[in-house]
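Okay, structure first, notes after.
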Amino acid sequence: MRVLVLPRYSRLGASSRLRLMQYLPWLEAAGVDVTLAPLFSDAYVTGLQRNRRKFSDLAQAYVGRVKALLNSRSFDLVWIEKEVLPWLPAWVEQTLLSSNVPYVLDYDDAVFHYYDQHRNPLVRTLLGTKHPALMRGAALVFAGNAYLADFARKSGAPRVEIVPTVIDLDRYPIASYSSAKTNVAAPCVGWIGQRATASFLNPYKPLFTRLASAGEARFAAIGIDAPALGLPMTSIPWTEQSEVTSIASFDIGIMPLVDEPFERGKCGYKLIQYMACGLPVVASPVGVNRQIVEHGINGFLAETPQEWEQALLKLLTDPALRQRMGQAGREKVEHQYCIQQTGPRLARSLVAAATA
């Protein structure tokens, strides 16, 4: 069986790396021959992260994607991250996709809201029904959470499976809780993400500043230049090789969000990373966060700044509570949010989609 995998990004793109690429060994173990053809190059992804884009990189990406689609007829299945050609109508993709080769769509974000809720009425008219049309034609839709799955089902997708965005347990050792962190003056509250989502931290800047000034906490952020964004946090560079060690240096992991349609489609991956490292978490009660975080068991759900302060203070002042919640979070990841659980199921589903 031959599968053409069409991620949006290279390994530098978290969604592509986690939703598709980390499953390739599982597919190969199932006897599947995989060909990988990312849309955007490393250079484009790097520019995107630095808020710089080149039209030449974009044009080259679209030409390469069209070539890949024209060769897709020699495959048994095409596995697509979200869509084939962003910002082009569904009929373009449907024309390029072979009617004789089934395709599978994968969603870890509510990207359909970029179109159906766009401020420009022309975009809503031309592209608002794009993702529903693609979903109806798919042999299978993988959805990262219930919000995305519900959208796919309402759009008429014939088959939908929820596959959360997960970690690989082999990369996340069990926390020992015996490190030198206990000798540090104040526990570290940490966040991991990109510039595009750093704005969710802004409402809590006064709280972070107040707790840090009182010596009750330190704050750190992986993946952004926090001081340049006006955030009272220490910056930690992100690399794929160092991210687990960096997260493990935290004492508490946080995930603030706003309750908007796009955010309800997020898959809570940073929460899963924190919990895999044995950290307690504090998160906004939005979307899948409500399923990942069991309030009072593996962390706290907090909505207002006052609730955030109460939750953080409980954890900052109680090391035993941090350990107890961290262990509960790790156990949940081992049972529900690791590739060791989802890998075999996803491989079987792809094989079934190709042979249905």
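Restricting region 279-299 to residues that are outside any loop (DSSP other than H, G, I, E, B) and touching a residue at least 12 places away in the same chain (Cβ under 8 Å), the residue that is surrounded by the fewest Cβ atoms within 10 Å (Cβ to Cβ) is Q291.
Against the test of being crowded, with 23+ Cβ neighbours inside 10 Å and either over 17 Å from the mean Cα position of the chain (by Cα) or under 24 Å from I162 (Cβ atoms) (or both), the options L20, L36, L24 yield a single qualifying residue, L20.
Do we find a residue being touching a strand residue (DSSP E or B) at 6+ places or on another chain (Cβ under 9 Å), over 16 Å from L6 (Cβ atoms) and of a type in the set (D, E) anywhere in region 116-137? No: region 116-137 contains no residue that is touching a strand residue (DSSP E or B) at 6+ places or on another chain (Cβ under 9 Å), over 16 Å from L6 (Cβ atoms) and of a type in the set (D, E).
Restricting attention to region 45-87 and to residues that are of a type in the set (S, T, Y) and closer than 27 Å to L346 by Cβ, the residue that is surrounded by the fewest Cβ atoms within 10 Å (Cβ to Cβ) turns out to be S74.
Per-residue answers, yes or no, for (1) under 26 Å from D170 (Cα atoms); (2) of a type outside the set (V, I, T):
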residue	(1), (2)
A220	yes, yes
M233	no, yes
P237	yes, yes
S246	yes, yes
S249	yes, yes
I252	yes, no
E260	no, yes
Y269	yes, yes
V281	yes, no
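Of all residues in region 139-162, those satisfying the criterion of being surrounded by fewer than 23 Cβ atoms within 10 Å (Cβ to Cβ) and within 15 Å of the chain's Cα centre (by Cα) are A146, Y147, I162.
Tell me, which residue of region 313-352 that is acidic (D, E) and within 24 Å of the chain's Cα centre (by Cα) is farthest from E216 (Cα to Cα)?
Restricting attention to region 313-352, the residues satisfying the condition of being acidic (D, E) are 318, 331, 334.
Filter once more, so that each one left must be within 24 Å of the chain's Cα centre (by Cα): 331, 334.
Numbers: E331: 28, E334: 31 Å.
Per the criteria, the residue is E334.
Residues in region 307-356 that are charged (D, E, K, R), within 30 Å of A30 (Cβ to Cβ) and in contact with a strand residue (DSSP E or B) (Cβ under 9 Å, 6 or more places away or on another chain): R345 only. With respect to A248, determine if the residue is free of Cβ contacts under 8 Å to residues at least 40 places away in the same chain and not assigned by TED's automatic domain parsing to the domain that holds E28. Criteria not met by A248.
Pairing residues of region 9-25 that are over 19 Å from V111 (Cα atoms) with residues that are small (G, A, S), at Cβ distances under 9 Å and at least 6 apart in sequence or on separate chains, gives M21/S10; Q22/G343; Y23/G343; Y23/A347; P25/G343.
The values are calculated or read from the model by the stated rules, or taken from the named source; none is laboratory data. Since the model is a prediction, treat every value here as computed from it, not as a measurement. In this analysis, Cβ positions are derived from the backbone assuming ideal geometry, glycine residues included, and neighbour counts consider all displayed protein chains.
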